[in-house]
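I have placed the structure first, in the form of structure tokens, so that the comments after it can refer back to it.
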Ligand SMILES: CC(C)(COP(=O)(O)OP(=O)(O)OC[C@H]1O[C@@H](n2cnc3c(N)ncnc32)[C@H](O)[C@@H]1OP(=O)(O)O)[C@@H](O)C(=O)NCCC(=O)NCCS
């Protein structure tokens with residue numbers, strides 16, 4: 001067995017550099033990609049919400065894995081703590097997972113955080129993680145298949161049909177850049193639109209309404225935001241009624257990730273989501289991206305629509321949850 005040391009994360013430049021290097025290999029093509037972004041994200045985390053890490057150091061090879069525990073400030077679940085595991089691909093997962101899990105459990109107990117539920121995620125093809133979580137008493141709570149659209153295989157006829165239908169209803173689509181120039185109070189209105197849509201998104205926990213500064217932190221200040229890949233639908237009266245965007249999480253730009261897509265209830269089934277998604281596809285094609293990726297709860301209307309638009313299913317993300325008492329986790 002490899003000898004490991006588990007210790008708390010220290011907020012030094014060296015530690016952030018090591019963390020960024022590990023995340024780049026453990027979770028390639030994802031943000032945050034740099035030590036600077038990681039530090040910024042930590043600094044912006046709202047006060048009073050847990051965010052801590054344990055580092056698993058191998059005597060021979062340096063940083064082997066990182067465990068992160070956090071309270072999701074964007075959800076109404078104050079006593080739920082999330083565990084996340086980032087493991088170097090050359091490490092033996094089963095041993096590393098149990099060390100990280102024990103380290104995080106200790107850390108949460110020492111922190112004194114009141115917990116009644118632990119949550120974690122794994123892809124269904126990450127067999128060792130799924131088995132580990134089940135063995136710890138977690139159970140699956142939600143299944144969200146990933147899906148991928150190859151821009152070379154995208155069907156442009158959808159966008160023409162949807163655009164025509166929308167035009168007849170007086171609905172228009174602006175990029176975030178255009179919205180900022182055209183609509184004076186765009187920021188609170190966009191926050192409110194996103195919040196209205198979020199309430200209908202399938203989720204393990206209800207979402208909490210973000211303050212303007214939380215909205216800025218989660219959306220507007222995200223380094224993966226591209227204001228020309230963010231589309232907002234407005235009705236004839238100028239109300240904001242729908243949105244969809246692509247995140248530049250992959251620093252190479254080869255892959256773009258779909259963000260929140262939604263249309264307010266009173267405007268659904270009129271082709272507006274199709275038109276918004278079509279704009280994102282056109283953007284991806286013109287920017288030279290090869291794929292758009294997303295994941296949606298398997299029974300959702302969004303998943304049905306994505307399949308209709310040509311997205312092809314991949315391995316699902318699985319949400320897991322375990323009831324605990326603060327003493328027994
Ligand atoms: C999913 C959603 C964006 C669809 O918006 P929309 O503007 O009504 O979608 P469209 O009118 O473009 O629908 C196009 C097609 O998608 C499919 N579709 C849309 N809603 C559906 C539903 N409730 N059930 C099954 N299929 C549905 C249909 O095939 C539909 O074509 P049809 O109306 O000709 O049958 C909307 O229901 C929504 O905002 N939901 C809540 C937010 C959400 O869950 N977003 C996804 C998380 S990112």
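Considering each of 91, 40 in turn, give the residue that is at pLDDT below 95 and outside any loop (DSSP other than H, G, I, E, B). Explain how you work it out, then say what you get.
Details: 91 fails: outside any loop (DSSP other than H, G, I, E, B).
Of 91, 40, the one residue that is at pLDDT below 95 and outside any loop (DSSP other than H, G, I, E, B) is 40.
Scan region 173-191 and give yes if some residue there is within 15 Å of the ligand (Cβ to nearest atom) and over 18 Å from residue 220 (Cβ atoms), otherwise no.
yes
Kindly check whether there is at least one residue in region 201-211 that is touching a helix residue (DSSP H, G or I) at 6+ places or on another chain (Cβ under 7 Å) and assigned to a strand (DSSP E or B). Talk me through it step by step, then tell me what you get.
Residues of region 201-211 that are touching a helix residue (DSSP H, G or I) at 6+ places or on another chain (Cβ under 7 Å), as a first pass: 207, 209-210.
Retained after the next criterion (residues that are assigned to a strand (DSSP E or B)): 207.
Looking through region 201-211, at least one residue is touching a helix residue (DSSP H, G or I) at 6+ places or on another chain (Cβ under 7 Å) and assigned to a strand (DSSP E or B).
Could you check, for region 134-155, whether at least one of its residues is assigned to a helix (DSSP H, G or I), in the same structural domain as residue 218 (by TED's automatic domain parsing) and surrounded by fewer than 17 Cβ atoms within 10 Å (Cβ to Cβ)?
There is at least one residue in region 134-155 that is assigned to a helix (DSSP H, G or I), in the same structural domain as residue 218 (by TED's automatic domain parsing) and surrounded by fewer than 17 Cβ atoms within 10 Å (Cβ to Cβ).
Determine whether region 227-248 contains at least one residue that is out of contact with any helix residue (DSSP H, G or I) (no Cβ under 9 Å at 6 or more places or on another chain) and closer than 26 Å to residue 120 by Cα.
Looking for residues that are out of contact with any helix residue (DSSP H, G or I) (no Cβ under 9 Å at 6 or more places or on another chain) and closer than 26 Å to residue 120 by Cα, one finds none in region 227-248, hence no.
Under the condition of being in contact with a strand residue (DSSP E or B) (Cβ under 8 Å, 6 or more places away or on another chain) and modelled with pLDDT of 90 or more, which residue from region 18-37 is surrounded by the fewest Cβ atoms within 10 Å (Cβ to Cβ)?
Across region 18-37, the extreme among qualifying residues is 21.
So residue 303 fits all but one of (1) touching a helix residue (DSSP H, G or I) at 6+ places or on another chain (Cβ under 7 Å); (2) under 30 Å from residue 69 (Cα atoms); (3) surrounded by 18 or more Cβ atoms within 10 Å (Cβ to Cβ); what number is the exception?
Only one criterion in (1) touching a helix residue (DSSP H, G or I) at 6+ places or on another chain (Cβ under 7 Å); (2) under 30 Å from residue 69 (Cα atoms); (3) surrounded by 18 or more Cβ atoms within 10 Å (Cβ to Cβ) is unmet by residue 303, namely (1).
Do you know which residues across region 227-254 are at pLDDT 95 or above, buried (at least 18 other Cβ atoms within 10 Å of the Cβ) and within 29 Å of residue 39 (Cβ to Cβ)?
Listed by number, the residues that qualify are 229, 230, 245, 246, 247, 248.
For region 201-209, check the following and say yes or no: at least one residue is under 27 Å from residue 297 (Cα atoms), without any contact (Cβ under 8 Å) to a residue 24 or more places away in the chain and away from the ligand (no atom under 14 Å from the Cβ). Even if it seems obvious, please write down each step before you answer.
Filtering region 201-209 down to residues under 27 Å from residue 297 (Cα atoms) leaves 201-209.
Still in the list and also without any contact (Cβ under 8 Å) to a residue 24 or more places away in the chain: 209.
The next check asks that each one be away from the ligand (no atom under 14 Å from the Cβ); those that pass are 209.
Taking every residue of region 201-209 in turn, at least one turns out to be under 27 Å from residue 297 (Cα atoms), without any contact (Cβ under 8 Å) to a residue 24 or more places away in the chain and away from the ligand (no atom under 14 Å from the Cβ).
Could you grab me the full set of residues in region 64-80 that are closer than 19 Å to residue 106 by Cβ and either in a strand (DSSP E or B) or not assigned by TED's automatic domain parsing to the domain that holds residue 91 (or both)?
Applying the first criterion (closer than 19 Å to residue 106 by Cβ) to region 64-80 yields 64-71, 79-80.
Residues satisfying the conditions are 64, 65, 66, 67, 68, 69, 70, 80.
Just for region 297-311: of the residues that are closer than 13 Å to residue 201 by Cβ and more than 6 Å from the ligand (Cβ to nearest atom), which one is farthest from the chain's Cα centre (by Cα)? Talk me through it step by step, then tell me what you get.
So the first thing to find is which residues in region 297-311 are closer than 13 Å to residue 201 by Cβ, and the list is 297, 299-303.
This time we only want the ones that are more than 6 Å from the ligand (Cβ to nearest atom), so: 297, 299, 303.
Working: 297: 13, 299: 19, 303: 16 Å.
That would be 299.
Go over the candidates 142, 166 one by one and state the one that is closer than 18 Å to residue 283 by Cβ and touching a strand residue (DSSP E or B) at 6+ places or on another chain (Cβ under 8 Å). Spell out the reasoning first.
Values: 142 fails: closer than 18 Å to residue 283 by Cβ.
When all the criteria are applied, what remains is 166.
Can you give me the number of residues within region 107-130 that are in a helix (DSSP H, G or I), surrounded by fewer than 18 Cβ atoms within 10 Å (Cβ to Cβ) and in contact (Cβ under 8 Å) with a residue 24 or more places away in the chain? Steps first, please.
Of region 107-130, the ones in a helix (DSSP H, G or I) are 107-111, 127-130.
Narrowing further to those that are surrounded by fewer than 18 Cβ atoms within 10 Å (Cβ to Cβ): 109-111, 127-128, 130.
Now restrict to residues that are in contact (Cβ under 8 Å) with a residue 24 or more places away in the chain: 109, 111, 128, 130.
Qualifying residue count for the region: 4.
Taking region 258-295, which residues are out of contact with any strand residue (DSSP E or B) (no Cβ under 6 Å at 6 or more places or on another chain), touching a residue at least 12 places away in the same chain (Cβ under 8 Å) and within 6 Å of the ligand (Cβ to nearest atom)?
260, 262, 270, 271, 274 - these are the residues of region 258-295 that are out of contact with any strand residue (DSSP E or B) (no Cβ under 6 Å at 6 or more places or on another chain), touching a residue at least 12 places away in the same chain (Cβ under 8 Å) and within 6 Å of the ligand (Cβ to nearest atom).
Would region 58-73 turn up any residue that is crowded, with 18+ Cβ neighbours inside 10 Å, in contact (Cβ under 8 Å) with a residue 60 or more places away in the chain and over 18 Å from the mean Cα position of the chain (by Cα)?
Checking region 58-73: at least one residue is crowded, with 18+ Cβ neighbours inside 10 Å, in contact (Cβ under 8 Å) with a residue 60 or more places away in the chain and over 18 Å from the mean Cα position of the chain (by Cα).
Could you please find all residues in region 124-154 being touching a helix residue (DSSP H, G or I) at 6+ places or on another chain (Cβ under 9 Å) and under 25 Å from residue 277 (Cα atoms)?
Those that are touching a helix residue (DSSP H, G or I) at 6+ places or on another chain (Cβ under 9 Å) and under 25 Å from residue 277 (Cα atoms): 144, 145, 147, 149, 151, 152, 154.
The values are calculated or read from the model by the stated rules, or taken from the named source; none is laboratory data. These numbers come from a predicted model, not from an experiment. As a convention, Cβ positions derive from the backbone with ideal geometry for all residues, glycine included, and neighbour counts pool all protein chains shown.
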